[in-house]
Amino acid sequence: MTIEIIGISVLWLFLFGYVIVASIDFGAGFFNASTIVTKKNHIVNTVIQRYLSPVWEITNVFLVFFFVGMIGFFPKTAYYFGTVLLIPISISIILLALRGSYYAFGTYGTKGHKGYTIMYGVTGVLIPASLSTALIVSQGGFIRETATGGIELDYAALFTSPFAWSIVLLSLVSVLFISASFLAYYSSVAKDQGALTLFRRYTWIWSFPTIITALGIMIELRWHNPDHYQGMLSLWWLFVLSFVCFVWSLWLLKKRSYGWSFIFVVLQFALAFYAYGVSRYPYLLYPNLTIYDSFTNETMAYALITAFIFGFMLLIPSLYLVFKLFIMNKPYIQKG
Amino acid sequence: MESVELSRYLTMLTLSVHVIFATVGVGVPILIAIAHWLGLRNNDEHYILLAKRWARGYVISVAVGVVTGTAIALQLALLWPRFMEFAGQLVALPLFMETFAFFFEAIFLGIYLYTWDRFKNPKHHFYLLIPIVLGSAMSALFITSVNAFMNTPQGFTLVDGQLTNIQPLVAMFTPAMPTKVAHVLTSAYMTSAFILASIAAFHLWKGNRHEYHRKALALTMKVGLIFAIATALVGDLSGKFLAEYQPEKLAAAEWHFETEGEAPLVLYGVLTETNEVKYAIKIPYALSFLVHSNPTGVVTGLNDIPEEYHPPLEIHYFFDIMVTIGVFLPTLALVYWLGLHRNWALIKRRFFRLLLVASGPLAMIAIEAGWWFTEVGRQPWIMRDFMKTAEAATESSHVGIMFIAFAVLYLILMIGTAVVLIRMFKNNPVEKELEKEAIEQRSEAK
Ligand code: HDD
Ligand code: HEM
Ligand code: HEM
């Protein structure tokens, strides 16, 4: 295994962590807001509040880890992605900022203003959409050279690409699916029957659109990026496994085994996420950047990995403490 | 306008907003820890309540610090892609570790906030503050070391545009780093102390006579005094550092043109078209003394430095603002402290209390001025001697519109923070909270 591969694997792990934790968070915000509109808020509010309060910064840190690590291990990405993504990523920052601060204002500051809750819900679905432009652009075909030899984002191509839109769609539905599945489990631990029924239904509702858009993307990739499509075909068994996990999770949901059902949802996404990542090897950005030509020097790479290991040894026990005290602490969850 | 200039303005804007919350984020944990410790030791509910209330306000500030920090971290790559591509190979380590340090702090902060009554031994709850204090100090250390690197880059060799012989630790511990880190830390502690002092002084000024506010004011002013003196001492060392490693910055700040001994310290004043200093206060020998601890020491002047490397001369004013406040605040704190021990009536006067109210905002202005001084004073370099700011900026033509968008965002954040903080403490005044605790304790005793 080369050091480049270790580097990208660590980053991919952070990104996956972010996708899962953030999906739960974004989806929870969305459900919280949409139930205000449908006047079912009293059912889900306590469950969501209990879960969200202690973990929101942790979600944000995963994202920061990912891109700081990206620039650390692959500094050239700063030039390519930094130059072309100014607008989409700035929009994401602004939305993240509004969401994070107004959440804090609403929770730690003044109690329950409807405006905050709605804002929290709306930004929660817009952020995945704007962040996913980074992924879309990395598939190639959306960057063009300027007259002065620089590079810029081809907005016309981006906005008219069905491929781009289907990735946006996938990000939205999978956020709601992952979140509903987790919250169903969480409300079952909290013994909150009303919330449980609701979230179980949401999980069912969002499960099929997730699978259908995912399939759609694979088919479109055939035209958009044939190389990557070939790569995915050669890993077909991983995608099949992912599908099996999906079916299994639904079966477990039916059997009312919510914890396991959520675990299989995570496995489903993990398999697909890694299969997708491996199949695009070695490209970070088609066709300009690979993990090899954008890699930092070896000394820095080893320094980063060392820092990472030590940092992790510090973090694991602290995260365990949070987990014990808040997330999986039955008296705490049920007090709500 | 060029995208370089716009990128500079946007960076300036984001950092100037971030530093407000960053400073509070670094400094306030220490004050919470002191109050909490005093409360436990003396079994004094006032101090415990101080720690509780400060911690509650602190979370709001951390939240805004997190989001503005995320903004600047991403903007570094969005606005300065060439710089990050190049420097990323050299300073990725401290950037990466900053995230870890912050994460560590955030986790324990979350636990501290939600576990006031969950420990059997209240000391254990207090110990949670240790990782918070350490984590925030470490994140300041790491991020400041990146900035130090930009001023005095080292730890690599450049051969035909290729970086070789890279040593991440040498790049982290640059000559600029010790004074910078020390100055940032002491100034953050001092500023946070004065900000909390302002709040207490404000209540006293309004006529509230509660013991709680008196204790808060006495405590914060003492801490403020200690760190204000430390800040000034380290500031002096920073001046000596500049004279040796970035003489152009010091010379520009001091409008010092001729290289000479017995150099005076120039305060205030204006500069004419022909670079003559007018209306300034000149303290004889003071600049030489500042730099060499010797009134005849020779100080490099701007005329010995190629014109194209001259930093903008306006940084003189930023330096003046910082130093003025840096002298005024320890003096104020000293007068208060003496007055407290000798029962001077002066310190209870309304106008004196008004000065105390001003201390927090003044300290924050000094922080801003200090950063503007050091950052503008690095121009035209982004990485001194290796990369010009103009070479580093993005080519994108959309920076202008992003500047407007972020300006609106920061305005919303600042107003939101102010409104929420004010409402949070107004709706829940000290008296009410003390009463509630007393009732709870009585019912527990039964
Ligand atoms: C004086 C100290 C100081 C300085 C100069 C900076 N910061 Fe900062 N930063 C902090 C002190 C701090 C802090 C005190 O650690 C914060 C503020 C609020 C908090 O609690 O953490 C923080 C938060 C914070 C976060 C949020 C952490 C997260 O969500 O994981 C990021 C990403 C950054 N900072 C990044 C930066 C960058 C890239 C800077 C420079 C360009 C920078 N900060 C300057
Ligand atoms: C007598 C008082 C002071 C002196 C002599 C002094 C000196 C200096 C010097 C020389 C620098 C530039 C260092 C560099 O560019 O590397 C600096 C920067 C700075 N100063 Fe001060 N300072 C004083 C007071 C203060 C006060 C009161 C504050 C804020 C509370 C403050 C905050 C800062 C900050 C934030 C910076 C930028 C960070 C840095 O470069 O260290 N200073 N100061
Ligand atoms: C938090 C306190 C800080 C404040 C208030 C601040 C302020 C400023 C200002 C006013 C500028 C514009 C200078 C000009 O264009 O004339 C600037 C530029 C810049 N600063 Fe800072 N700065 C701070 C800390 C830092 C740190 C810690 C870093 C490094 C990690 C940093 C990196 C940069 C970069 C990359 C630029 C743009 C390039 C340049 O103009 O040289 N700053 N900052």
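How do the helices (runs of 4 or more DSSP H) wholly within region B:75-181 filter down when requiring 2 or more residues that are under 23 Å from the mean Cα position of the chain (by Cα): which remain? Before the answer, list the steps.
On the way: elements: B:81-114, B:122-127, B:129-151, B:168-172.
The qualifying helices (runs of 4 or more DSSP H) are B:81-114, B:129-151, B:168-172.
For region A:86-189, no helices (runs of 4 or more DSSP H) sit wholly inside it while including 3 or more residues that are among the basic types (Lys, Arg) and touching a residue at least 12 places away in the same chain (Cβ under 8 Å). Of the residues examined, B:Thr389 is one that is closer than 30 Å to A:Tyr155 by Cα, β-branched (Val, Ile, Thr) and more than 14 Å from every other protein chain (Cβ to nearest Cβ). Would you check if B:Arg118 is touching a helix residue (DSSP H, G or I) at 6+ places or on another chain (Cβ under 6 Å), away from ligand 2 (no atom under 16 Å from the Cβ) and of a type in the set (Lys, Arg)? In short, no. Suppose we keep only residues that are closer than 22 Å to B:Ala101 by Cβ and within 13 Å of chain A (Cβ to nearest Cβ) within region B:150-172. Which one would you say is surrounded by the fewest Cβ atoms within 10 Å (Cβ to Cβ)? Within region B:150-172, the match that is surrounded by the fewest Cβ atoms within 10 Å (Cβ to Cβ) is B:Leu169. Mind checking which residues of region B:1-29 are within 12 Å of ligand 1 (Cβ to nearest atom) and of a type in the set (A, V, I, L, M)? Result: B:Met12, B:Leu15, B:Val17, B:Val19, B:Ile20, B:Ala22, B:Val24, B:Val26, B:Val28.
On inspection, B:Ala63 fails the criterion of being of a type in the set (Gly, Ala, Ser) and either more than 8 Å from chain A (Cβ to nearest Cβ) or touching a residue at least 40 places away in the same chain (Cβ under 8 Å) (or both).
Scanning for something outside any helix (DSSP H, G or I) and within 29 Å of B:Leu362 (Cα to Cα), does region B:292-299 turn up at least one residue? Even if it seems obvious, please write down each step before you answer.
Residues of region B:292-299 that are outside any helix (DSSP H, G or I), as a first pass: B:293-299.
Among the residues that remain, those that are also within 29 Å of B:Leu362 (Cα to Cα) are: B:293.
For region B:292-299, residues outside any helix (DSSP H, G or I) and within 29 Å of B:Leu362 (Cα to Cα): present.
Residues in region B:327-337 include none that are modelled with pLDDT of 85 or more, within 14 Å of chain A (Cβ to nearest Cβ) and buried (at least 19 other Cβ atoms within 10 Å of the Cβ).
Scan region B:90-110 and tell me whether some residue there is within 11 Å of ligand 3 (Cβ to nearest atom) and touching a strand residue (DSSP E or B) at 6+ places or on another chain (Cβ under 7 Å).
Taking region B:90-110 as the starting set, the residues that turn out to be within 11 Å of ligand 3 (Cβ to nearest atom) are B:91, B:94-95, B:98.
Filter again for touching a strand residue (DSSP E or B) at 6+ places or on another chain (Cβ under 7 Å), leaving none.
No, every residue in region B:90-110 fails to be within 11 Å of ligand 3 (Cβ to nearest atom) and touching a strand residue (DSSP E or B) at 6+ places or on another chain (Cβ under 7 Å).
Residues considered: B:Ser238, B:Ser187, B:Ser192. Of these, the only one that is at pLDDT 90 or above, over 30 Å from B:His292 (Cβ atoms) and in a helix (DSSP H, G or I) is B:Ser192. Residues satisfying the criterion are present in region B:183-204 (criterion: more than 14 Å from ligand 3 (Cβ to nearest atom), over 24 Å from B:Phe100 (Cβ atoms), more than 14 Å from chain A (Cβ to nearest Cβ) and not hydrophobic (A, V, I, L, M, F, W, C)). Evaluate the following for B:His46: is it at pLDDT below 90, part of a helix (DSSP H, G or I), more than 10 Å from chain A (Cβ to nearest Cβ) and surrounded by fewer than 18 Cβ atoms within 10 Å (Cβ to Cβ)? Considered against the rule, which asks whether it is at pLDDT below 90, part of a helix (DSSP H, G or I), more than 10 Å from chain A (Cβ to nearest Cβ) and surrounded by fewer than 18 Cβ atoms within 10 Å (Cβ to Cβ), B:His46 comes out as no. Scanning region B:104-118 for residues that are within 11 Å of chain A (Cβ to nearest Cβ) and either β-branched (Val, Ile, Thr) or free of Cβ contacts under 8 Å to residues at least 12 places away in the same chain (or both) yields B:Ile107, B:Gly110, B:Ile111, B:Tyr114, B:Thr115, B:Arg118. Do we have any residue at all in region B:134-142 that's more than 13 Å from chain A (Cβ to nearest Cβ), within 12 Å of ligand 3 (Cβ to nearest atom) and either on the phi < 0 side of the Ramachandran plot or buried (at least 23 other Cβ atoms within 10 Å of the Cβ) (or both)? Yes: region B:134-142 contains one or more residues that are more than 13 Å from chain A (Cβ to nearest Cβ), within 12 Å of ligand 3 (Cβ to nearest atom) and either on the phi < 0 side of the Ramachandran plot or buried (at least 23 other Cβ atoms within 10 Å of the Cβ) (or both).
If only residues of region B:60-101 that are over 27 Å from A:Thr306 (Cα atoms) and within 9 Å of ligand 1 (Cβ to nearest atom) are counted, the one that is surrounded by the fewest Cβ atoms within 10 Å (Cβ to Cβ) is B:Ser61. Among the residues of region B:1-32, those identified as surrounded by 19 or more Cβ atoms within 10 Å (Cβ to Cβ) and either away from ligand 3 (no atom under 13 Å from the Cβ) or without any contact (Cβ under 8 Å) to a residue 60 or more places away in the chain (or both) are B:His18, B:Phe21, B:Gly27, B:Val28, B:Pro29, B:Ile30, B:Leu31, B:Ile32. With respect to B:Ala369, is the statement that it is assigned to a helix (DSSP H, G or I), at pLDDT 90 or above, more than 30 Å from A:Gly150 (Cα to Cα) and within 16 Å of ligand 3 (Cβ to nearest atom) true? So B:Ala369 passes the test. Within region B:350-377, residues that are touching a residue at least 40 places away in the same chain (Cβ under 8 Å) and within 14 Å of chain A (Cβ to nearest Cβ) reach no partner that is of a type outside the set (Ser, Thr, Tyr) and near ligand 2 (Cβ under 7 Å from one of its atoms) with beta carbons closer than 8 Å at six or more positions or on different chains. Considering only region A:276-286, I want to know if a residue exists there that is within 14 Å of chain B (Cβ to nearest Cβ) and surrounded by 14 or more Cβ atoms within 10 Å (Cβ to Cβ). Within region A:276-286, one or more residues are within 14 Å of chain B (Cβ to nearest Cβ) and surrounded by 14 or more Cβ atoms within 10 Å (Cβ to Cβ). Checking every residue in region B:198-218 against the condition of being free of Cβ contacts under 8 Å to residues at least 12 places away in the same chain, at positive phi and away from ligand 1 (no atom under 16 Å from the Cβ) gives at least one match.
Tallying residues that are within 16 Å of ligand 3 (Cβ to nearest atom) and outside any helix (DSSP H, G or I) within region B:241-271 yields 1. For region A:289-316, the set of residues classified as assigned to a helix (DSSP H, G or I), touching a residue at least 24 places away in the same chain (Cβ under 8 Å) and more than 26 Å from the chain's Cα centre (by Cα) consists of A:Glu298, A:Met300, A:Tyr302, listed by residue number. Would you pick out the residues in region A:143-191 that are closer than 27 Å to A:Gly82 by Cβ and either of a type in the set (Val, Ile, Thr) or touching a Cys at 6+ places or on another chain (Cβ under 9 Å) (or both)? Those that are closer than 27 Å to A:Gly82 by Cβ and either of a type in the set (Val, Ile, Thr) or touching a Cys at 6+ places or on another chain (Cβ under 9 Å) (or both): A:Ile143, A:Thr146, A:Thr148, A:Ile151, A:Thr160, A:Ile167, A:Val168, A:Val175.
The values are calculated or read from the model by the stated rules, or taken from the named source; none is laboratory data. This one's a predicted model, so the numbers in the text were calculated from it and none came from an experiment. Backbone-built Cβ (ideal geometry, glycine too); neighbour counts: all protein chains shown.
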